[in-house]
1. Output wanted: per-residue J couplings in Hz (rounded whole) for region 76-88, from phi through Karplus 6.51 cos²θ - 1.76 cosθ + 1.60, θ = phi - 60°, x for Gly and Pro.
2. How charged is the neighbourhood of residue 118? Take every other residue with its Cβ under 10 Å from the Cβ of residue 118, and add Lys/Arg as +1 and Asp/Glu as -1.
3. Considering only the other residues whose Cβ falls under 10 Å of the Cβ of residue 63, what net charge follows from Lys and Arg at +1 and Asp and Glu at -1?
4. Using a Cα-Cα cut-off of under 12 Å, which aspartates and glutamates could be cross-linked to residue 107, ignoring same-chain neighbours fewer than 8 residues away?
5. Can you list the lysines whose alpha carbon is less than 21 Å from that of residue 14, not counting same-chain residues fewer than 8 positions off?
6. I need the phi-derived Karplus couplings for region 14-19: 6.51 cos²θ - 1.76 cosθ + 1.60, θ = phi - 60°, integer Hz, Gly and Pro marked x.
7. Hey, what's region 52-148 come to in accessible area per residue, 1.4 Å probe, Å²?
8. Starting from the Cα of residue 130, draw a straight line to each of the lysines and keep only those under 28 Å, dropping any in the same chain fewer than 8 residues away.
Amino acid sequence: MKSNYVTKQLSTVKRWMATTLFCMLAMAFVWQGAFFSNTSAMAAPSATLIASSDAGDKIQEKTSKDAGRAKNFIEDTKDKVKQAAKSNASKVDQATDNGSFIERKAKEDAATIQKRANEDAARTEKAVDKTKNAVERTVDNIKDAFGQ
């Protein structure tokens, strides 16, 4: 029974020692960080502002380039959807008699799919443009704020 009591006490002491050691290490890291921080950025902020205008230009160029790529992807997808709709209508047309209900329905569906593909592509391109413009406005606002 006594060995169990001693084991419990020893376990409690170990836990307190580990917690204390952890807290001491945390304080040491915080203390070291306070004395060895890089203060050169605060001493010469103009050097970082020159770099930020170049970074802003790069961001705007990248945004325009990515928006162009996204629009090309959207157009390609729209064309593929239209081509698939035409292909399906053509296959139905070949498989059925002239003027059947199924043939007319397939052609109507193809027209609907093509119309929706155009609408979806236009909506998506508009969203890409809005996003690109928002990023460019934000970069311009940041440049203006740091430029003054």
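1. Each residue's phi maps through the Karplus curve to give 4, 5, 4, 5, 5, 5, 4, 4, 5, 5, 5, 4, 4 Hz.
2. So the surrounding residues net to +3.
3. Within the 10 Å Cβ shell, the charges total +1.
4. Partners found: 93.
5. Within reach: 2.
6. Once θ is set to phi - 60°, the couplings for region 14-19 become 4, 5, 5, 5, 5, 5 Hz.
7. It amounts to 74 Å² per residue over region 52-148.
8. 58, 62, 65, 71, 78, 80, 82, 115, 143
The values are calculated or read from the model by the stated rules, or taken from the named source; none is laboratory data. All of these numbers come straight from a predicted model, not from anything done at the bench. Note: ideal-geometry Cβ built from the backbone for every residue, glycine included; neighbour counts use all protein chains shown. Keep in mind that these areas ignore ligands, DNA and RNA; they rest on the heavy atoms of the full protein, side chains included. Shrake-Rupley method; radii C 1.70, N 1.55, O 1.52, S 1.80 Å.
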